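The structure appears below as structure tokens.
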Amino acid sequence: MINNIMQNTRFGDYFYTIIVPSIFVTIKIVLISAFFSILLGLFLGSILILTSEDGLNPNKIIYSIIDKFTNLIRGFPTLILIIALGPLTRLVVGTAVGTNAAIFSITIACTPFATRMTENSLKTVNETTIKAAISFGAKKSQVIKDIMLSEALPNLISNFTIMLINMLNVTALAGAVGAGGLGAVALTYGYQQYDNVIMYFIVILLIIFVLLIEKLNKILYKILK
């Protein structure tokens, strides 16, 4: 039975030429997009904490702009947002398809989630610790960097792990609009060509990636906790 299934699939022909390169493309898209999304999310989330009504430097205008922008982008279905970002992606990257275009659009799509996760994590820091640091003469930037981000790091790791898994899903979805990677292989060589072996193999690979990310999260959480 297994021989019959393998005879009706092009899995062997595509494994080294299509599937393996796509694994590395997916890893590249996820890691680079995650790096920039988390970096921007930490920055914007810290500003939200600083400028909130109860923050160290309240500013209704700045808070409102970032807060509304974050909610607006988060409200879009991710695949539709990636398509809508096509003209901007083409303007910045030079093309709306391919790896670099996917990195840009996925970064834009996931930054609001990283921003909100950063804000929520920083809110968990004990106010007494913050007030003590200020009373000892710590600057606002030092409070954010050395106190709040440090204290919230385990929560940030857990939250960003959730985002990383979501980004893996987004990368697979983006394959439908020319992003490349495993999603494009599953759609083009699996679903559209009725090759279930390829399609389900990609599904298994994505599940393995998710399990690896969750395992890494547990290890980091234990170390930082």
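The values are calculated or read from the model by the stated rules, or taken from the named source; none is laboratory data. Treat the numbers as computed from the prediction; the structure is a model and nothing was measured. A quick note on method: Cβ atoms are made from the backbone with ideal geometry, for glycine too, and the neighbour counts reach across all protein chains shown. Quick note on the areas: whole protein, heavy atoms, side chains included, nothing else; ligands and nucleic acids left out. Shrake-Rupley method; radii C 1.70, N 1.55, O 1.52, S 1.80 Å.
Assorted remarks:
- Straight Cα distances below 21 angstrom link K68 to the lysines K60, K123, with same-chain residues fewer than 8 positions distant left out.
- Extension reserve of the K139-Y16 stretch, reckoned as 0.36 nm per residue once the Cα distance is removed: 38.8 nm
- Computed with a 1.4 Å probe over protein heavy atoms only, the accessible surface of the chain comes to 58 Å² per residue.
- Largest first and in whole Å, the equivalent-ellipsoid semi-axes of region 115-187 read 39, 10, 7, each the square root of five times a Cα gyration tensor eigenvalue.
- Of the residues S22, S46, L206, the one whose Cα sits farthest towards the positive end of the charge dipole of the chain is S46 (charges of +1 on Lys and Arg Cβ, -1 on Asp and Glu Cβ, taken about the Cα centre).
- Qualifying chymotrypsin sites (Phe, Trp or Tyr not before Pro) for region 95-171 [loop in DSSP, other Cβ within 10 Å: at most 10]: F136
- Computed lengthening from L224 to I208, 0.36 nm per intervening residue step minus Cα-Cα distance: 3.3 nm
- Kirkwood hydrodynamic radius of region 137-225, from the reciprocal of the average inverse Cα-Cα distance over all distinct pairs: 15.3 Å.
- Ligands, DNA and RNA left out, the 1.4 Å accessible surface of the chain is 65% carbon and sulfur atoms.
- Over the chain, DSSP H runs of length four or greater, each weighted -39,500 (n - 2.57), average out per residue to a 222 nm ellipticity of -23000 deg cm²/dmol.
- Candidates G12, G98, G175, ranked by Gaussian network fluctuation over the chain, Cα under 10 Å, top entry: G12
- Computed Kirkwood radius, in angstrom, where 1/r is averaged over Cα pairs of region 1-123: 16.8 Å
- Max mean-square fluctuation residue, GNM over the chain, Cα-Cα springs under 10 Å, options G45, G181, G75: G75
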